[in-house]
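Data block below; observations after.
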Amino acid sequence: MKNKYIYRSKISEAKFREILRLFLLDLTATQVAEITHISRNSVNIIFAKIRNRIFEISINSSPVEPEKEEFEADESYFGPRRVRGKRGRGAGSKTIVFGLYKRDGKVYTEIVPDVKSATLSAIIRGRANIGSAIHTDGWRGYDGLVDLGFEKHFRVYHGENEFSKGDGRHINGIESFWGYAKHRLVKFKGIPKDKFVFYLKETEFRVNNRGNDLYQLLLKDFRDNPL
């Protein structure tokens, strides 16, 4: 193999490592193409392969949390700011994302078809220990968590201008993630809906590994299992 990190590539290992470093600096494919003098199409292909692998890593490293922890659960909407004639949560062509954040830990995201109680509760029940504390806002989709066995369900009611309480009730962690994700993704100036999940999971991966050397982590993965 000419390049041990990626199959059937005409790009040298040194050039691939440079592209990876620039990818991790969160530059766009256009910016990287200008810096490396590699065509934007080739850079886009490499970026897509990297994002696909990050997606796989994220999925495989999101186990059910076995311990009793404190979680924040919330849903957010990605896409056009407003669609004429459409109202309500996730109206129009927005993509609905549910997030579960373990305080002082990692975040898990999942694209969902709706924000009904059955949908949200199933994800929470599948990933959080039944003895964990769950913090949410007042959305009715979180009704019934106590009936499922989550006796520690704490709420803040944003509609009543309530965002935190002195007893630790808030969802500031997951809301901070939403803010970061939207700020980061907007620079890509429109992500195709079928590719959005890869950008979402990349954002999750970056946050969950913020204390790690992402370059060495990914380089080792690509060396062990080439793209």
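The values are calculated or read from the model by the stated rules, or taken from the named source; none is laboratory data. Everything quoted here is computed from the prediction, not taken from an experiment. Neighbour counts are summed over all protein chains in view; Cβ atoms, including those assigned to glycine, are modelled from backbone coordinates with ideal geometry. Please note that ligands, DNA and RNA were not included when accessible areas were found on the heavy atoms of the full protein model with its side chains. Shrake-Rupley method; radii C 1.70, N 1.55, O 1.52, S 1.80 Å.
Which percent, to the nearest 5, of DSSP beta bridges fully inside the chain are antiparallel? Among the beta bridges of the chain, antiparallel pairing accounts for roughly 65 percent. Considered as an equivalent ellipsoid built on the Cα gyration tensor, the range 102-198 has semi-axes of 25, 17, 13 Å, the largest given first. Structural descriptor for the chain: relative contact order 22 percent, calculated from alpha carbon pairs under 8 angstrom and at least 6 residues apart.
Helix 214-224 axis versus longest C-alpha principal axis of the chain: approximately 60°, rounded to the nearest ten. Simple rule: put +1 on each Lys or Arg Cβ and -1 on each Asp or Glu Cβ in the range 4-45, find the dipole, and look at Leu22, Ile45, Ile35; the Cα lying farthest toward the positive end is Ile45. Packing-based ranking of 8-15, 53-60 yields 53-60, 8-15, ordered from highest to lowest mean Cβ neighbour count within 10 Å.
Dipole size in debye (nearest 20) for the chain around its Cα centre, Lys and Arg Cβ +1, Asp and Glu Cβ -1?
On the way: 41 positive and 29 negative charges, 273 e Å.
Rounded to the nearest 20 debye, it is 1320 debye.
Asp104 exposes around 150 Å² of accessible area when a 1.4 Å probe is run over every protein chain in place. When the chain is described by a simple charge dipole with +1 on each Lys and Arg Cβ and -1 on each Asp and Glu Cβ, the residue from Pro192, Leu214, Gly105 located farthest towards its positive end is Pro192.
By the compact-protein rule of thumb, 2.2 N^0.38 Å, the alpha-carbon radius of gyration of the chain corresponds to a ratio of 1.14.
For the range 1-84, the Cα-based Rg and Dmax, in that order, read 18.0, 53 Å.
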